[in-house]
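Working notes, beginning with the structure itself.
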Amino acid sequence: MKLSFILVHPQRGENVGAAARALKTMGFSDLRLVGEPRHKDKAARILAHRSEDILEHAQCFSSLEAALADIDLAIGTTAKARHQRRYHYSPEQLAASLSERHDSLQRAAILFGCEPHGLANKDIALCDLLSQIPLASPQPSLNLAQSVMLYCYALSPLAHPRPSPAADRAQYRALRQRVARLFAAIGVDEGEKSGRWAMERLAQGRDEDIKFLHFLCARIEARLENDRDT
């Protein structure tokens, strides 16, 4: 599993440069931006300080959907209560959880919103999981680059993943698609509360859970196919 760090509509080149520096110091390299190419700002290069290679290889996308096209698991960072979600991970809990699903994911991404407002609700809707940094006081809030640094530090044990077969690394995405097809077959809407919560729980599954759920889905699919033939 590889980790990507996505900055959604960052407004200050300084924060992008400092974020690149955080990635470099903790062993990560994949920085992505949505919106303006702030990684090309002079201020970004100044703050990057010997991490210019991260900026040079950073990718910029016109939409978050495009930035997530090759991502299996998207984790949104938020300081706000999101009442439609039941679970939130601290950075340390997130690191432990991701380490338990190394073999079923090809790439995961950590998303950070713009400086004034964070991730918008439409961005949160594209996330599989949410994460929050425990704060003694919500004000003053953490700077964007500070938040990136904290996540880079917490997730640094995952910066150099052990190799695993490509077929195994695709198991989570394949399972999510499989469950979505089964939901459609039995009339469950992913947008309703039970569907959302099921997908949220699915996103927390460990490697062994993913394998078992594939087995269970195969049994359900066989039963549905048999019912159609009779």
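The values are calculated or read from the model by the stated rules, or taken from the named source; none is laboratory data. For clarity, every value in this text was computed on a predicted model and none was experimentally measured. No Cβ is skipped: glycine too gets one built from the backbone with ideal geometry, and neighbour counts run over all protein chains shown. Quick note on the areas: whole protein, heavy atoms, side chains included, nothing else; ligands and nucleic acids left out. Shrake-Rupley method; radii C 1.70, N 1.55, O 1.52, S 1.80 Å.
Summary of values
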{"read-out": "Unique match (being in contact with a strand residue (DSSP E or B) (Cβ under 7 Å, 6 or more places away or on another chain) and within 23 Å of ASP123 (Cβ to Cβ)) among ALA20, ALA69, ALA44", "value": "ALA20"}
{"read-out": "Among (1) open to solvent by less than 20 Å² (accessible area, probe 1.4 Å); (2) at pLDDT 85 or above; (3) touching a Phe, Trp or Tyr at 6+ places or on another chain (Cβ under 9 Å) - the single one ARG101 does not satisfy", "value": "(2)"}
{"read-out": "Residues of the range 1-18 satisfying the condition of being farther than 30 Å from GLU100 by Cβ and of a type outside the set (Gly, Ala, Ser)", "value": "HIS9, PRO10, GLN11, ARG12, GLU14, ASN15, VAL16"}
{"read-out": "Condition check for ALA109: in a helix (DSSP H, G or I) and surrounded by 13 or more Cβ atoms within 10 Å (Cβ to Cβ)", "value": "no"}
{"read-out": "Pairs with Cβ under 6 Å, 6+ apart, first in the range 91-107 and over 17 Å from PHE5 (Cα atoms), second assigned to a loop (DSSP other than H, G, I, E, B) and open to solvent by 50 Å² or more (accessible area, probe 1.4 Å)", "value": "GLU100/ARG206; ARG101/ARG206"}
{"read-out": "Pairs with Cβ under 7 Å, 6+ apart, first in the range 28-43 and touching a residue at least 40 places away in the same chain (Cβ under 8 Å) and under 14 Å from ILE54 (Cα atoms), second assigned to a helix (DSSP H, G or I) and open to solvent by less than 50 Å² (accessible area, probe 1.4 Å)", "value": "PHE28/CYS152; ARG32/ALA67"}
{"read-out": "Within the range 1-95, helices (runs of 4 or more DSSP H) holding 3 or more residues that are touching a helix residue (DSSP H, G or I) at 6+ places or on another chain (Cβ under 8 Å), open to solvent by less than 70 Å² (accessible area, probe 1.4 Å) and of a type outside the set (Val, Ile, Thr)", "value": "13-26, 42-48, 52-56"}
